[in-house]
1. Which residue is nearest to I44 (Cα to Cα), if the candidates are limited to region 68-121 and must be touching a helix residue (DSSP H, G or I) at 6+ places or on another chain (Cβ under 6 Å) and assigned to a loop (DSSP other than H, G, I, E, B)?
2. If you take the residues of region 35-67 that are in a loop (DSSP other than H, G, I, E, B) and within 11 Å of G120 (Cβ to Cβ), which of them is nearest to the chain's Cα centre (by Cα)?
3. Return the total of residues in region 40-83 being surrounded by fewer than 18 Cβ atoms within 10 Å (Cβ to Cβ), under 17 Å from S28 (Cβ atoms) and among the charged types (D, E, K, R).
4. Among V167, V100, which is more than 30 Å from Q461 (Cβ to Cβ) and β-branched (V, I, T)?
5. Give region 198-233 a look and list any residue that's under 14 Å from the mean Cα position of the chain (by Cα) and assigned to a helix (DSSP H, G or I), or say none.
6. Could you pull out the residue among D352, D423 that is more than 20 Å from R279 (Cβ to Cβ) and acidic (D, E)?
7. Can you name the residue in region 14-34 that is free of Cβ contacts under 8 Å to residues at least 12 places away in the same chain and in a helix (DSSP H, G or I) and, of all such residues, is surrounded by the most Cβ atoms within 10 Å (Cβ to Cβ)?
8. Hey, any hits in region 412-435 for a residue that's assigned to a helix (DSSP H, G or I) and of a type in the set (K, R)?
Amino acid sequence: MVPDYLTIAEAARLIEKRELSPVELCDSRLDRIATFDDRLHSFIRVLSDSARDEAKAAEAEIAAGKYRGPLHGIPIGLKDIYETGGVPTTGHSKVMQDHVPKADAFSVKKLREAGAVVMGKLATHEFALGGPSFDLPWPPARNPWDTNRFTGGSSSGTGASVAAGLVLGGTGSDTGGSIRGPAAYCGLAGIKPTYGLISRMGVLPLAFSLDHAGPLAWTAEDCAIMLQAMAGHDPADPGSASQPIPDYRAALSGDVKGLRIGLVRHFYERDNEANAATRQAIERAATQLEELGCSVRELTLSPLGDWAACGMTIMLCEAYAIHEANLRRRFTDFGENFRDRMVLAGLVSGADYIQALRRRRELIAELDRAMADLDLVMTAAAASEAPLIDKVPKFTIMNPPSLTIAFNVTGTPAMSVCCGYTDAGLPLSFQIVGKRFADATVLRLAHAYEQATPWRQRRPQL
């Protein structure tokens with residue numbers, strides 16, 4: 001009997017020892033999808049036949065002594081902006097519901113090469129921006145902790161499916177917080193890697209200079225396993241970085257004692273005021289990190305509103321440039337949320353965009369200076385637990401200022417980590433931020449925190 005919930009690392013150990021069959025694991029996830037996803041709506045498309053074929057191939061390879069590593073035979077899901085050869089990639093939009101790519105996205109190809117089993121395509125906000133929306137060809141994903149609650153976005157289906165154990169890990173994208181938001185609301189670990197670490201080739205764009213691809217999973221260790229497979233230079237992506245890729249999983253075992261952390265309280269105590277449960281959970285997390293041997297001191301940056309205004313101006317302008325032609329030709333084929341946000345984008349001037357780019361350089365330099373004698377920064381990932389899905393305002397991404405977009409502006413690695421639960425059992429989260437290409441340090445601190453706290457032992461009761 002396959003357990004309802006397994007981490008990637010747990011399943012990989014069992015598969016490598018041949019105590020768990022990839023086919024049995026795949027079938028158990030398909031059973032969970034059939035049982036629960038009519039309530040969660042995390043999948044746009046379940047690829048049952050091809051997933052079973054991939055699981056059988058993985059099992060045969062492993063039996064022949066050709067074990068590829070910890071993703072071999074592991075069921076994952078792909079946010080439906082990651083292109084899949086011969087399988088529709090829709091962006092959760094009527095505008096692209098018939099789009100069938102000829103080839104896999106670069107990162108999907110790398111995941112398949114690592115042996116991952118693709119279970120299907122996951123719900124997103126329309127083109128990774130407009131949501132939650134109820135006027136699209138597929139319904140919005142719902143939170144497994146409480147199906148009346150929002151998953152966060154835009155990697156909504158990934159957050160829901162991983163938290164519910166329908167897949168063991170999944171892909172997301174993050175232009176203003178779309179990995180870290182669902183990770184926070186769904187109680188997951190989710191890392192937005194350094195800009196350029198994972199190729200965006202074959203990932204439907206939202207904003208070229210802010211888009212990041214990355215993984216969501218139950219633990220930091222699982223994120224490290226997925227990041228290892230997904231990262232790497234791709235000459236076809238102009239933003240791809242040619243950097244050596246460290247062993248992220250091996251780096252988890254390093255000592256965190258002596259790490260210097262800046263706590264940006266004013267982001268969530270004044271600029272976007274978090275509720276009491278969130279503030280208390282972050283204080284406890286900071287205390288826990290000190291007990292692990294880290295030093296934590298308060299850090300003051302420019303007001304959160306500056307970071308958010310800069311990031312949102314760039315995001316909206318770049319998104320409008322991508323979608324302008326279709327907006328002119330097929331305006332009503334877009335959902336209301338997406339098209340109304342894009343109408344605002346059409347009113348932003350070229351001068352505004354240039355000024356936002358100038359401000360961006362200043363903010364990047366500010367964070368670099370602030371972190372000169374720090375290793376990491378921590379702050380809130382969300383201002384509260386997940387809100388009710390039908391109470392999310394249309395322009396929620398603009399006001400109050402986003403707690404996550406600052407680190408899209410800087411391109412630095414940033415990760416959401418679960419730090420407790422409300423009295424009603426809803427997850428709370430904080431954010432760990434590192435220096436560029438210090439993703440391994442972010443993951444190491446997240447892993448140490450998870451090992452020292454009980455939060456990873458708790459799962460949604462579906």
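1. T90
2. Quick first cut of region 35-67, residues in a loop (DSSP other than H, G, I, E, B) only: 41-42, 47, 64-67.
If we keep only those that are within 11 Å of G120 (Cβ to Cβ) too, we end up with 42, 47.
On the way: S42: 14, L47: 22 Å.
That would be S42.
3. 4
4. Only one candidate passes the filter, namely V100.
5. Residues satisfying the conditions are A220, D222, C223, A224, M226, L227, M230.
6. Numbers: D423 fails: more than 20 Å from R279 (Cβ to Cβ).
That would be D352, the only listed residue that is more than 20 Å from R279 (Cβ to Cβ) and acidic (D, E).
7. Going through region 14-34, the residues free of Cβ contacts under 8 Å to residues at least 12 places away in the same chain turn out to be 14, 17, 19, 31, 34.
Next, from what is left, pick out any that are in a helix (DSSP H, G or I): 14, 31, 34.
Details: L14: 16, D31: 13, A34: 12.
Checked region 14-34; the qualifying residue surrounded by the most Cβ atoms within 10 Å (Cβ to Cβ) is L14.
8. Kept after step one, since they are assigned to a helix (DSSP H, G or I), are these residues of region 412-435: none.
The answer is no, given that none of the residues of region 412-435 is assigned to a helix (DSSP H, G or I) and of a type in the set (K, R).
The values are calculated or read from the model by the stated rules, or taken from the named source; none is laboratory data. Keep in mind that this is a model prediction, so the values were computed, not measured. Cβ coordinates were reconstructed from backbone atoms using ideal geometry, including for glycine residues, and neighbour counts include every protein chain displayed. We work out accessible area using only protein heavy atoms, side chains counted, and drop any ligands, DNA or RNA first. Shrake-Rupley method; radii C 1.70, N 1.55, O 1.52, S 1.80 Å.
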